[in-house]
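The numbers here are math on the coordinates, done by the rules we state, and not lab data. If you're wondering where the values come from, they're calculated on a predicted model, not measured in any experiment. So basically every Cβ, Gly included, is an ideal-geometry build from the backbone, and we count neighbours across all protein chains shown.
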Amino acid sequence: MRLTYHGHSCFVVETADARLIIDPFLTGNPAATITADAVACDYILVSHGHEDHTGDALALAQRCGATIIANFEIAEYYAAKGAKTHGMNPGGAFAFPFGRVKLTLAHHSSSLEAGLNPLYMGVPCGILVQADGKTLYHAGDTALFMDMQLIGRAGIDVALVPIGDNFTMGPEDAVTALDFLRPKFAVPMHYNTWPMIAQDAAAFAARALHSGHTVNVLTSGQSLLV
């Protein structure tokens, strides 16, 4: 499994059988180093409805013929726009041709077009992907919560955790999350996209190491093997 970071919470995951993109926010993402037109994918995994996570989902689904995997409300929303979708909900799992996907809890909100009449887009989720004998956990946008201890029972190889604060947990809570999840290593996300979520990822990695956790800080466009 090969993992490539594209800024904010967007990752491309290449397995032996498919190419996945998680939370495809490239257009309008100041941290992205590629455009949505440069991405090819077979599946699109969406953690929740906010535009900084769903941004290019529909365009990618239409151009690539990719299937959007998300909670039921998000899946139905994009299905009504003509996309191929697979709806799920927290606690549910499904075996896709590339591997198994399970949605988990996340503590956040989920809507589109926020303002006077926001569209409710179901509950926010974390995402567990099991493929190529590896387990990846994308926490989505979330606060720290105790049930991360249960999620960690999946035997996580890499945990993608938000550290930006204000909208999600910050570095201190993210280290506690790693205490609960016990991944082989972690990658920070959802930080430094805008001033409101500015964080020092190197300082987070050092704090995590002091607690016995390995953190790999990726720059946008950088890849690693899981």
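Within the range 142-158, which residues are out of contact with any Lys or Arg (no Cβ under 9 Å at 6 or more places or on another chain), crowded, with 20+ Cβ neighbours inside 10 Å and outside any helix (DSSP H, G or I)?
THR142
Listed here are the residues, each with its yes/no results for (1) more than 16 Å from GLN130 (Cα to Cα); (2) among the basic types (Lys, Arg); (3) without any contact (Cβ under 8 Å) to a residue 40 or more places away in the chain.
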residue: GLU14; (1), (2), (3): no, no, yes
residue: ILE22; (1), (2), (3): no, no, no
residue: ASN29; (1), (2), (3): yes, no, no
residue: ALA32; (1), (2), (3): yes, no, no
residue: GLY55; (1), (2), (3): yes, no, yes
residue: ALA75; (1), (2), (3): yes, no, yes
residue: PHE94; (1), (2), (3): no, no, yes
residue: ARG100; (1), (2), (3): no, yes, yes
residue: SER110; (1), (2), (3): yes, no, no
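Restricting to the range 203-226, count the residues that are free of Cβ contacts under 8 Å to residues at least 24 places away in the same chain, in a helix (DSSP H, G or I) and either touching a helix residue (DSSP H, G or I) at 6+ places or on another chain (Cβ under 9 Å) or under 20 Å from HIS6 (Cβ atoms) (or both).
Summing the residues that are free of Cβ contacts under 8 Å to residues at least 24 places away in the same chain, in a helix (DSSP H, G or I) and either touching a helix residue (DSSP H, G or I) at 6+ places or on another chain (Cβ under 9 Å) or under 20 Å from HIS6 (Cβ atoms) (or both) in the range 203-226 gives 2.
Can you say whether ASP17 is out of contact with any Gly (no Cβ under 6 Å at 6 or more places or on another chain) and within 24 Å of HIS107 (Cβ to Cβ), as far as the supplied structure shows?
For ASP17, the condition - out of contact with any Gly (no Cβ under 6 Å at 6 or more places or on another chain) and within 24 Å of HIS107 (Cβ to Cβ) - is not met.
Within the range 115-140, can you find the residues that are under 20 Å from TYR77 (Cβ atoms), part of a loop (DSSP other than H, G, I, E, B) and touching a residue at least 12 places away in the same chain (Cβ under 8 Å)?
Residues satisfying the conditions are MET121, GLY122, VAL123, PRO124, GLY140.
For the range 11-35, which positions are within 27 Å of ALA95 (Cα to Cα) and either touching a helix residue (DSSP H, G or I) at 6+ places or on another chain (Cβ under 8 Å) or outside any loop (DSSP other than H, G, I, E, B) (or both)?
PHE11, VAL12, VAL13, GLU14, ARG19, LEU20, ILE21, ILE22, ASP23, PRO24, PHE25
I'd like to verify a number: residues in the range 128-141 that are among the basic types (Lys, Arg) and touching a Lys or Arg at 6+ places or on another chain (Cβ under 8 Å), how many?
0
Can you go through ALA174, ALA186 and tell me which one is of a type in the set (Gly, Ala, Ser), in contact (Cβ under 8 Å) with a residue 12 or more places away in the chain and in a helix (DSSP H, G or I)?
ALA174
Looking at (1) loosely packed, with under 14 Cβ neighbours inside 10 Å; (2) under 19 Å from LEU3 (Cα atoms), can you tell me which one GLU172 breaks?
Exception for GLU172: condition (2).
Within the range 68-89, take every residue that is part of a loop (DSSP other than H, G, I, E, B) and surrounded by fewer than 16 Cβ atoms within 10 Å (Cβ to Cβ) and give me the one that is nearest to the chain's Cα centre (by Cα).
Restricting to residues being part of a loop (DSSP other than H, G, I, E, B) and surrounded by fewer than 16 Cβ atoms within 10 Å (Cβ to Cβ), the top hit is ASN89.
For the range 159-168, enumerate the residues that are without any contact (Cβ under 8 Å) to a residue 60 or more places away in the chain and part of a loop (DSSP other than H, G, I, E, B).
Correct list: ILE163, GLY164, ASP165, ASN166, PHE167.
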